[in-house]
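Below is one structure, written out as structure tokens; the observations come after it.
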Amino acid sequence: MEKDAIAYICEHSDDLRVILADPTPLDTVLDAVRDGDDPAGARPLLDALHAAVQRAGDAFGIIPHDHRGPEMATGAGLGSARRLEIFFYCPRGRCSRIWEPDRENLTVPSCVVFGEELAERRS
């Protein structure tokens, strides 16, 4: 849960800053992750940020939405399709953020915590 919440924060930090009257809980989480704290140890900080986001009017808080991967189509008589998948992940493995490029958006996003582009992995 912690890595998923951190991934959500990384992806939506600009939106969170807009809705929070006081960004201190967000900055505290980002600083803790940046300083190398174990994501599981950041749970109290994440809980505080979650509550602050809910108080600011977002009922879902920082609980991420469904992060399912792309579905694979199968052709008749061909069995399961296997195509090269390219995904981008947290550059330092601190969260579970996954980004998949598409034809409309090929600009690799950056990690908000470290300011580095997400890391590419192929499967």
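All of the numbers you see were taken from the coordinates with simple rules; none came from a lab. On a predicted model such as this, the values are computed, not experimentally measured, just so you know. Glycine gets a Cβ as well: all are built from the backbone with ideal geometry, and neighbour counts include every protein chain shown.
As a rough guide to protection, the peptides 107-117, 91-101, 1-11 ranked by mean Cβ packing within 10 Å, highest first, stand as 1-11, 91-101, 107-117.
Amide H contacts for GLU117 (H built 1.01 Å from N in the peptide plane; partners 5 or more residues away or on another chain; cut-off under 5 Å): CYS111.
Whole-Hz Karplus values for the range 2-18 come out as 4, 5, 5, 5, 5, 4, 4, 4, 4, 6, 10, 4, 4, 5, 5, 4, 5 Hz, taken residue by residue from phi with 6.51 cos²θ - 1.76 cosθ + 1.60 and θ = phi - 60°; glycine and proline positions read x. When you count the other C-beta atoms within 10 angstrom of each residue and take the mean per peptide, 16-22, 54-60 line up highest first as 16-22, 54-60. Report the Stokes-Einstein translational diffusion coefficient (µm² s⁻¹, integer) for the range 2-55, Rh taken as the Kirkwood radius over Cα pairs, at 37 °C with viscosity 0.692 mPa s. Reported coefficient: 300 µm²/s.
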